[in-house]
Amino acid sequence: MSLPWVQHVILAPILLPLIFGAGLILINERHHQRKFFINLASTLAMLLTAVALLLLTDHEYWPDGIGLYLSANWAAPFGIVLLADRLTAVMLLLTSVLATASLIFAMTRWSRIGVHFHSLFQFLLMGVNGAFLTNDLFNLFVFFEVMLAASYGLVLHGYNSVRIRAGMQYIVVNLLASFFFLIGVALIYATTSTLNMTDLAARLERLNPEDMVLLKIGVVILALAFLTKSAMWPLGFWLPTTYSAASPPVAAMMVLMTKIGVYVLIRLWLLLFSEGPAAGFGFDLLLWGGLATLAFGTIGMLASQEPGRMAGYAAVISSGTLLAAVGYGQPALINVALFYLISSTLAVAAFLMLIELIDRIRTPGAAMLALTMEAFAVEDKPGEPVGKAIPGALAFLGLAFACCALVITGLPPLSGFVAKFSLFHTLLNPVDAATGIGVVTWIMIPLIILSGLAGIISLMRFGVRTFWATQNPVAPHLQRSEVMPITALLLVCVLLTVQAGPTMAYLDRSAETLNQPAIYIDRLASSPVIGDTVLEDDQ
Amino acid sequence: MEAVIAIAMGIMFGSGVWLLLRPRTFQVIIGLLLISYAVNLFIFIMGRLTINQPPLTLAEGTIDPALYADPMPQALVLTAIVIGFATTALYLVVMIGARGLTGTDHVDGKETSR
């Protein structure tokens, strides 16, 4: 009659932040430490659940490694279904690793300016985790809004006029994108009478041609919302401004939010359009859009002087590469794209946090923070972080900067190189050798190489100016809680390089399932309802 | 079950009314929110309170579903309205904040130079 308890692990990544986030509101802002440790406990618990899900899906605890959670025990297409497969698990793990790092980074300083940082942080995680887990389009909308509402608060966190200005643009753009999302969902429901993604894929077969046209329009409008999130050109103009304005730990989390757009596109497009009656639809749009984004990011990267904007354009470049790789429409490319996604997310996030520390070489008394304090009237001014500084601050900053640059631009020996190399390898060795290598491939490879070159030029310029050309650089006051997360994120990149084989094999398995929508459809059709429902008793 | 829900709604509605009558605008807006929650809950349970009942799925030959209004979009639009309302309200807050910090209601935070 009852569910095995393991089944509830699927729900944990959503429930944990909800409960902890709500609970944190009740604790007074004066108890920084207590709030921080409660937040950390919740985030670490999330990390554990993500690891558990990773193991459960990969060891096929559920058939085909796809775990389904029928909320309220309603039969499959009618209720909201949560779905955890290998891709979900790896994204959840990435989220919790990044969240732990940025939370620890925020400990001494950023979480103390302004109120309710910790609650908003937890709600953001709830939205992100929910978006990864849900298999229902409308539910996805709700989780997107949860995530966005929390991110609005976090972007404005540490209220100053720069953040307000960037925040206003960010909110308007995302509100508009959400309306597109709703229009798309409505059209999809109108044509297919379902909102369950997997059920949608199953119903494509039975759709008449007129409805198919409407459905395609619906999906495209829906995709606009995700493409705005993932900053495809020309929808991504808001991104660099917002990234450079947000406080560093928040900006690090926002790097992940860009990747959610890509994640949903991978999931939806492979499910609906990788086979069946509408096979191949829209892939060209993604491919060319991705290439345009790559070009835009490359130019932007070269043009930017500020490190914050550089990081923003690095995220744009990584989005462009991902979209192009997905749009290329070759199943073998998906796992490489996922590897690239993980490595670039970690590196850009680490870079965004590092920027703030590097800034202290040039401006010792953080001028912006002083302004923030005044505007917000925070009682307990943290000012400069207190506590013991670590030795060799300059050496650390230089080394960490070099590592970030290596991963972002894809130079050997770190994970960025592994990702780009396997990308080129797959592009140049098509499965179907008879067709040969198309023109698009010859556009895509130079563009990716050029974007890397632009990254090298831009980052080197910044590095030389900061570390070598500064007159008498003062070793800044760095804290262990600020150094640790950056080191940890870069170590994960190193680990990805060393363990590239097993990681690729895992991503290969997840891509294999993703490329076979029939597996998902079968799993959904056979998903069991627990116990006897009244309806079945009647029959 | 009915009693619990009814009491919960009553408390929520009552607190809302009390807050609505308070002098500060913040209290008023919280009061309004509480009342709207109570009303939402009320609308929801108008579909009757049941436990472990399957959703409406019609067996063959009972009635023609084409003759009935589809309840789903109504449910969806309700959620959408609420979320849209909330995010718009949030934007309003940012607008006021921007007005206070920059001293202007221009989106760029500064008047265009003439």
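The values are calculated or read from the model by the stated rules, or taken from the named source; none is laboratory data. What you see is a predicted model; the values in this text were computed from it and never measured. For neighbour counting, all protein chains shown are included, and Cβ atoms are generated from backbone atoms with ideal geometry for every residue, glycine included. SASA here: full protein model, heavy atoms, side chains in, ligands and nucleic acids out. Shrake-Rupley method; radii C 1.70, N 1.55, O 1.52, S 1.80 Å.
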Considering (1) free of Cβ contacts under 8 Å to residues at least 12 places away in the same chain; (2) open to solvent by less than 30 Å² (accessible area, probe 1.4 Å); (3) of a type outside the set (Gly, Ala, Ser), say which one A:Phe78 fails and leave the rest. (2)
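Taking helices (runs of 4 or more DSSP H) that do not extend beyond region A:268-371, which have at least 3 residues that are open to solvent by 10 Å² or more (accessible area, probe 1.4 Å) and of a type in the set (Phe, Trp, Tyr)?
By residue number, A:283-303.
Residues checked against (1) surrounded by fewer than 24 Cβ atoms within 10 Å (Cβ to Cβ); (2) in contact (Cβ under 8 Å) with a residue 24 or more places away in the chain:
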{"residue": "A:Tyr170", "(1), (2)": "no, yes"}
{"residue": "A:Ser178", "(1), (2)": "yes, yes"}
{"residue": "A:Phe181", "(1), (2)": "no, yes"}
{"residue": "A:Ala190", "(1), (2)": "yes, yes"}
{"residue": "A:Val213", "(1), (2)": "yes, no"}
{"residue": "A:Gly218", "(1), (2)": "yes, yes"}
{"residue": "A:Phe226", "(1), (2)": "no, yes"}
Can you find a residue in region A:145-159 that is within 21 Å of A:Pro77 (Cα to Cα), of a type outside the set (S, T, N, Q) and within 12 Å of another protein chain (Cβ to nearest Cβ)? no
Only one of (1) crowded, with 16+ Cβ neighbours inside 10 Å; (2) in a helix (DSSP H, G or I); (3) of a type outside the set (Phe, Trp, Tyr) is not met by A:His477, so which one is it? (2)
Return only the number of the condition from (1) touching a Phe, Trp or Tyr at 6+ places or on another chain (Cβ under 9 Å); (2) open to solvent by 10 Å² or more (accessible area, probe 1.4 Å) that A:Glu482 does not satisfy. (2)
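Among the listed residues A:Thr191, A:Thr198, A:Thr242, which satisfies the condition of being more than 14 Å from chain B (Cβ to nearest Cβ) and assigned to a helix (DSSP H, G or I)?
Only one candidate passes the filter, namely A:Thr198.
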If B:Tyr91 passes every condition in (1) modelled with pLDDT of 65 or more; (2) loosely packed, with under 13 Cβ neighbours inside 10 Å; (3) facing chain A (nearest Cβ under 7 Å) but one, which one does it miss? (2)
State which residue is farthest from A:Ala89 (Cα to Cα) when the search covers only region A:41-65 and only residues that are open to solvent by less than 30 Å² (accessible area, probe 1.4 Å) and over 20 Å from the mean Cα position of the chain (by Cα). A:Trp62
